[in-house]
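Derivation of every value follows stated rules applied to the coordinates shown; laboratory data play no part. Keep in mind the model is a prediction, meaning the values are calculated, not measured. Counting neighbours? That spans all protein chains shown, and the Cβs are built from the backbone with ideal geometry, glycine included.
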Amino acid sequence: MPIKNSINNQSTGFTVGSTGDLTITNGNVGLPTTSATSGIINVNATRFMHAYGTNNTFLGSSAGNFTLTATQATAIGASAGNNISTGGNSVYIGYQAGNTVSGGNENTVIGSQAFASANASQNVMIGYRAGFASTGFTACTAVGKFALDNTNTGLYNLMLGYGSGTNYNAGESSNICLHSDGVAGESNVCRIGQSTGTGNRQIQNTYIQGYVNLPGQVSFGAYLSVGLANQTGAGGSPDIAFNSVTTNVGNAYNAANGRVTAPVTGKYLIGANVTVNNISALMTSGELNFWRFNAAGVAISAYTYNFTNPAAGRTPINLCSFQGHIVIPMNATDYVTVKCILTNGAGNTAGYSALGGRETSIYGQLLS
């Protein structure tokens, strides 16, 4: 049966059959502003599409509701966002996506039964039941089935992969998990892969093309480019300033004074090779010293490599090399210096060699 315009009795282009389809050949379907009783498209007597509120869009059986004050909200899927009350600028897509959310702003949720936090903001949840058991975290991102699916109330977590972060059940914050369940109670931690199980999201090898520069990372190397005379002897020896720097990641090494200063607390590997020239035949003992000082310049400890009768091991041109390395615990701002001492020889002195460019050098890195 054709439907005619009530004003001029002209055809509207709509045809209605008592049990058939509604066919529109031209024109529009006009609905009033959505209220609890109008402006709604129902399917099987259940709301299916409406735009209740301000700039909101709801599509799906029981999506949204007719009591909310939230604005700029979008919910697509059966029961998606059907408990929204306040907040705005959020998107919920999927069966029961965000269906227990009552408040919060700027959430993006995609996935069946994803995100059940009652009142949280600025979160991104993607995947089946991602964030399903959450109770109020903020500014978190979880991507993957069951990702961050626990009662977490933390901040700024990033979870990627199946089940990532499922062990976080309190206020754990600022964690990054890639295919890792995480450890309950931790914060400010990055985890990649599982440590238990056989093939259960374990990471066996990691390949990185290029350089990885991290805050606090330390790696350095330097050498003496110009020989120095009269530097070592029983009367005392100055710290060696290896003046030519080859690498200095973290800026721990100071070429002006030869100091290695710890930017962070940890264990450091420090090694040195010192080639001495003009050794007297009477110089029957020698030391390569690593001295550790605190920031005030107070000596904390000394590590010594003793060499017996270096004169006997000298080359025909009176050269001898002293080599050693240490692993030393250092607090942030502690520093280490290197010096070489030759004893005996009736007060004779010797110098540091720069023959060939790198006979006298220092190197090191932060281990942990």
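Peptides 114-122, 65-73, 92-100, 33-41, ordered by how many other C-beta atoms sit within 10 Å of their residues on average, highest first, read 92-100, 114-122, 65-73, 33-41. Can you give the log10 of the normalised intensity I(q)/I(0) at q = 0.10, 0.17, 0.18 Å⁻¹, computed with Debye over equal Cα scatterers of the range 11-152? Computed log10 I(q)/I(0) values: -0.37, -0.82, -0.88. Close amide H partners of Ile192, meaning residues 5 or more places away or on another chain with modelled amide H under 5 Å apart, are Leu178. Peptides 78-88, 242-252, ordered by how many other C-beta atoms sit within 10 Å of their residues on average, highest first, read 78-88, 242-252. Using θ = phi - 60° in the Karplus curve 6.51 cos²θ - 1.76 cosθ + 1.60, the 3J(HN,Hα) couplings for the range 100-105 round to 10, 5, 10, x, x, 10 Hz; x is entered for Gly and Pro. Here's how it looks for Ile76: its modeled amide H is under 5 Å from those of Leu59, Tyr92, Ile93, Gly94, which are all 5 or more places away or on a different chain.
Amide H to amide H distances under 5 Å link Leu158 with Thr141, Asn175, Ile176, Cys177, where only residues 5 or more positions off or on other chains count and H is placed in the peptide plane. Residues Val276, Val43, arranged from fewest to most other Cβ atoms within 10 angstrom of their Cβ, appear as Val43, Val276. Exposure proxy ranking for Lys267, Lys145, Lys339, based on other Cβ atoms within 10 angstrom of each Cβ and starting from the fewest, stands as Lys267, Lys145, Lys339. Phi-derived couplings, Karplus 6.51 cos²θ - 1.76 cosθ + 1.60 at θ = phi - 60°, listed residue by residue for the range 48-60: 10, 8, 6, 9, 5, x, 10, 6, 9, 9, 10, 9, x Hz, with x used for Gly and Pro.
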